[in-house]
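The values are calculated or read from the model by the stated rules, or taken from the named source; none is laboratory data. As the structure is a computational prediction, the values presented were derived from the model and not from experiment. All Cβ positions, glycine included, derive from the backbone under ideal geometry; neighbour counts span all protein chains shown. Just so you know, the surface numbers come from the protein's heavy atoms only, side chains and all, with ligands and any DNA or RNA stripped out. Shrake-Rupley method; radii C 1.70, N 1.55, O 1.52, S 1.80 Å.
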Amino acid sequence: MMLLLLQVGQDEGARTADVPNAMGAHTWFIIVAVGAFLLWSISYSLQLRKEAAARRKGRQDVVRRKDELIDRIADLESQKDAGTIADKKYKQELRELKFQLSKVLGTQAKP
């Protein structure tokens, strides 16, 4: 009997065992998790850049608006000196421009 088993074993030759990879699912989970983290970090970085550009543009708009109001006040002063504007209208427009300028300066002072 023993000889029969040995003879059958020799005829078939050495067989390899097919063992499933126990870490296969774990490996794919790690790949997906790292990929998701990289996508999130890229998205977050782009969002930060977008917000910084919007803040920078907002500051530039405030500075531009302030300069325009100062120029309008200077123009109004030159019209008064030239006598081309009535005193009542001058005071009313100057009050309006100063109010707008104070609002702009108030927004510029906020961080």
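Report yes if some residue within segment 2-9 is modelled with pLDDT under 90 and open to solvent by less than 90 Å² (accessible area, probe 1.4 Å); otherwise report no. The answer is yes, given that some residue of segment 2-9 is modelled with pLDDT under 90 and open to solvent by less than 90 Å² (accessible area, probe 1.4 Å). The residues of segment 92-111 that are at pLDDT 90 or above and of a type in the set (D, E, K, R), listed by number, are GLU93, ARG95, GLU96, LYS98. Pick from segment 44-65 the residues that are open to solvent by less than 60 Å² (accessible area, probe 1.4 Å) and within 17 Å of the chain's Cα centre (by Cα): which of them is nearest to LEU101 (Cα to Cα)? Checking each candidate, the answer is GLY58.
Of the numbered criteria (1) in a helix (DSSP H, G or I); (2) at pLDDT below 90, the one ARG49 fails is (2). Listed conditions (1) surrounded by fewer than 14 Cβ atoms within 10 Å (Cβ to Cβ); (2) in a helix (DSSP H, G or I) are all met by LEU97, apart from (1). The residues of segment 66-85 that are basic (Lys, Arg) and open to solvent by 80 Å² or more (accessible area, probe 1.4 Å), listed by number, are ARG72, LYS80.
Being free of Cβ contacts under 8 Å to residues at least 12 places away in the same chain and surrounded by 11 or more Cβ atoms within 10 Å (Cβ to Cβ) is a description that does not apply to LYS88.
Among what's in segment 79-93 and is in a helix (DSSP H, G or I) and either in contact with a helix residue (DSSP H, G or I) (Cβ under 6 Å, 6 or more places away or on another chain) or acidic (Asp, Glu) (or both), pick the residue that is nearest to ASP61 (Cα to Cα). Taking the candidates together, the pick is GLU93.
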